[in-house]
Amino acid sequence: MFEAKMLQSSVLKKIIESLKDLFADANFDCSSSGITLQDMDSSHVALCYLKLRSDEEGFEDYRCDRNITLGVNLGLMSKILKCAGNDDVVTLRAEDEPNILTFIFDSKNSERVSKYDIKLMEIDSELLGIPDTDYSCVVKMPSHEFQRICSNLSQLGDSVTIDCHKEGVDFKVAGEQGSGAIKLKQTTSVDKEEDQVTVQLNEPVTQSFALKFLCAFTKATSLSDTVNLSLTQDTPVVVEYPIAQHGYLRFYLAPKIEE
Amino acid sequence: VEMQNQLFAYFTAT
């Protein structure tokens, strides 16, 4: 038996909304330690990795008697979650050898309980081993700032060059019709921690990435006030959105290379 | 010319 009671259905809604356009079907791997999801986009350029820890406060109850994999169409899951109120408590439930995933939405005042079942799918997905590495550069910035940068630069070109150095981080685009550059300096005088830009730099990095994917990742902006970009030369960038009281959602994107 | 590498070039299948 698997049963996970999440205090805020809005968190699950935001997660699925941020994934469903790049990742059509995905396996939720459930174990006693929590729920993980790893999926690659159809072109094998971008990867998402979701971790929701069972011992965090976002789960009111969590039970997973044996490890199970729940293969779900994310478009369908998004439709089901739209049936929940943002303040509803959502319970996910499945048997040990499941064909069906059940969603139960409890309104805050417990006056309305709704239940939906969806059929599970067999999904053959290629799991990748992602080594734990120290990155040359980790940029922490407000998530809405990163969203704005990606949106602004995507008007002029297909790829952004991210240049991390000791003064800050530069985002540059060069298209056929024009070019643009946004410089972010490290902030020290900002009151709120979530408004700060910080750059932890071991080595400078200059790397180009497809804006189409970065813009898609920023659909997760509402999950977190801040976003962390981890970069090392010639390796995929990690775009991480911490999820309060649950864990995190990470996106990996392979760099563009010069031929 | 800019090319887009795939993730397989960096991570191995498990």
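Data for the structure
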{"item": "Per-region count, the stretch A:111-161, residues among the β-branched types (Val, Ile, Thr) and more than 14 Å from every other protein chain (Cβ to nearest Cβ)", "result": "6"}
{"item": "Residue count for the stretch A:227-259, restricted to those that are touching a strand residue (DSSP E or B) at 6+ places or on another chain (Cβ under 6 Å) and more than 15 Å from A:Tyr49 (Cα to Cα)", "result": "6"}
{"item": "Of residues in the stretch A:128-159 being among the acidic types (Asp, Glu) and out of contact with any strand residue (DSSP E or B) (no Cβ under 8 Å at 6 or more places or on another chain), the one surrounded by the fewest Cβ atoms within 10 Å (Cβ to Cβ)", "result": "A:Asp132"}
{"item": "Total residues in the stretch A:18-37, condition part of a loop (DSSP other than H, G, I, E, B) and either touching a Cys at 6+ places or on another chain (Cβ under 9 Å) or surrounded by fewer than 16 Cβ atoms within 10 Å (Cβ to Cβ) (or both)", "result": "6"}
{"item": "Strands (runs of 3 or more DSSP E) wholly inside the stretch A:178-259 that include at least 3 residues being away from chain B (no Cβ under 14 Å)", "result": "A:179-185, A:198-201, A:226-231, A:237-243, A:247-253"}
{"item": "Filter result (assigned to a strand (DSSP E or B) and away from every other protein chain (no Cβ under 14 Å)) within the stretch A:163-177", "result": "A:Asp163, A:Cys164, A:His165, A:Gly168, A:Val169, A:Asp170, A:Phe171"}
{"item": "Residue that is farthest from A:Cys64 (Cα to Cα), among those in the stretch A:31-50 that are of a type in the set (A, V, I, L, M) and within 11 Å of chain B (Cβ to nearest Cβ)", "result": "A:Val45"}
{"item": "Only one of A:Lys108, A:Lys115 that is modelled with pLDDT of 95 or more, more than 19 Å from A:Lys20 (Cα to Cα), loosely packed, with under 13 Cβ neighbours inside 10 Å and not aliphatic (A, V, I, L, M)", "result": "A:Lys115"}
{"item": "Condition broken by A:Lys108, with the remaining ones in (1) in a loop (DSSP other than H, G, I, E, B); (2) within 20 Å of A:Ile15 (Cα to Cα); (3) among the charged types (D, E, K, R) satisfied", "result": "(2)"}
{"item": "Those residues of the stretch A:74-101 which are assigned to a helix (DSSP H, G or I) and of a type outside the set (D, E, K, R), in sequence order", "result": "A:Leu74, A:Gly75, A:Leu76, A:Met77, A:Ser78, A:Ile80, A:Leu81"}
{"item": "Scan of the stretch A:61-93 for residues that are charged (D, E, K, R), more than 18 Å from A:Lys115 (Cα to Cα) and touching a strand residue (DSSP E or B) at 6+ places or on another chain (Cβ under 8 Å), ordered by number", "result": "A:Arg63, A:Asp65"}
{"item": "Subset of the stretch A:160-210 that is of a type in the set (Asp, Glu), within 24 Å of A:Ser224 (Cα to Cα) and loosely packed, with under 15 Cβ neighbours inside 10 Å - its residue that is farthest from the chain's Cα centre (by Cα)", "result": "A:Asp191"}
{"item": "Matching option when the condition is in a strand (DSSP E or B) and farther than 29 Å from A:Lys5 by Cα, among A:Lys115, A:Lys140", "result": "A:Lys140"}
{"item": "Residue match in the stretch A:46-53 (condition: at negative phi, outside any strand (DSSP E or B) and either at pLDDT 95 or above or touching a Phe, Trp or Tyr at 6+ places or on another chain (Cβ under 8 Å) (or both))", "result": "no"}
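A quick yes/no check of all residues on (1) surrounded by fewer than 19 Cβ atoms within 10 Å (Cβ to Cβ); (2) in contact with a Lys or Arg (Cβ under 8 Å, 6 or more places away or on another chain); (3) over 23 Å from A:Phe251 (Cβ atoms):
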{"position": "A:Asp55", "(1), (2), (3)": "yes, no, yes"}
{"position": "A:Tyr62", "(1), (2), (3)": "no, yes, yes"}
{"position": "A:Thr69", "(1), (2), (3)": "yes, no, no"}
{"position": "A:Arg93", "(1), (2), (3)": "yes, no, yes"}
{"position": "A:Thr102", "(1), (2), (3)": "yes, yes, yes"}
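The values are calculated or read from the model by the stated rules, or taken from the named source; none is laboratory data. Quantities reported herein were computed from a predicted structural model and do not represent experimental measurements. Here Cβ is always computed from backbone atoms with ideal geometry, including for glycine, and neighbour counts include all displayed protein chains.
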